[in-house]
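Asker: Okay, here's the structure, questions in a sec.
Derivation of every value follows stated rules applied to the coordinates shown; laboratory data play no part. What you are looking at is a predicted structure, and each value in this text was computed from that prediction instead of being measured. Using ideal geometry, Cβ is built from the backbone for each residue, glycine included, and neighbour counts are taken over all protein chains shown.
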Amino acid sequence: MLKISNLLLILFALFILLSPSAYADDDEDDDEGDGSDDFSEDLGEIAKSLLIATIVLIAWKPLHIWLQKSGIKNNAKSWGITDVKAAKKKLLRFNKWMLRIHIVVGTAATIVGLIHGIGTQMPDWESSAAWAGWFGMLSMSILGALIMWKWPPKAIKKRARALHTQRALLVVTIILLVVGHEMI
Ligand code: HEM
């Protein structure tokens, strides 16, 4: 059902994003920092949570496909589902809702991440790796927008979809974000 590579990516992403050292506040900085520093660091926490919420789609997509193909039908009795067709329709609506959430949350993660980066890195621009990670997020969002918008030619949409849904760009983005934050 869930491809091993997807599962590993989710576990890997959760591990590094949830580990206390990643994006962790430095105590010394806290002592010196003023209120605006704290706010900027809080924004980092928010951006991290939003990014995790965006990535949930990787787990949801194969689960949705399995439920549509066989999950609902085979488990209808034990799940108390009497109308399989109606249940599948409901699930389709939920899937659309999930995609909408993905788009909003992914865009928000990129914007909040930018504000967090500006707030915490000004005026030194210490971590170029963290900024490279943010550019990865920006690229993901732009590619996502190219999939959604009507205007791009089919060939461009196809390429954008391939780049947006394959795992390499996302893995590199996460690694850069984590390494970048460890370096600060
Ligand atoms: C940091 C931001 C984002 C990340 C990390 C991200 C990541 C991903 C990943 C990994 C998938 C593939 C899920 C799968 O097939 O298993 C996906 C799907 C998708 N994303 Fe994003 N995304 C982001 C932002 C956006 C934005 C801003 C949009 C739209 C404006 C968007 C639109 C889509 C669409 C339409 C799909 C489904 C593509 C398909 O099934 O063919 N994403 N996203």
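Asker: Provide the packing ranking of 75-86, 93-104, 109-120, 53-64, i.e. peptides ordered by the mean count of other C-beta atoms within 10 Å per residue, highest first.
Answerer: Highest mean packing first, the order is 109-120, 53-64, 93-104, 75-86.
Asker: Distance check, please: which entries in Lys61/Lys90; Lys90/Lys157; Lys61/Lys96 exceed 20 angstrom between their Cα atoms?
Answerer: Checking Cα-Cα distances, Lys90/Lys157 exceed 20 Å.
Asker: Same structure, new question: Compute the whole-percent fraction of alpha carbon pairs in the stretch 126-184 spaced more than 14 Å apart.
Answerer: 55
Asker: Still on this structure, please answer the following. For Ser78 paired with Lys158, estimate the spin-label separation in nm (one decimal), with each label point 7 Å from Cα along the Cα-to-Cβ line.
Answerer: About 4.1 nm, to one decimal.
Asker: Grab the Cα-Cα distance for Ile111 and Lys89, subtract it from 0.36 nm times how many residues apart they are, and report the gain in nm with one decimal.
Answerer: Extending this stretch completely gives an extra 4.6 nm.
Asker: Can you compute the modelled spin-label distance between Trp97 and Val179, with each label point 7 Å from Cα toward Cβ, in nm?
Answerer: 4.0
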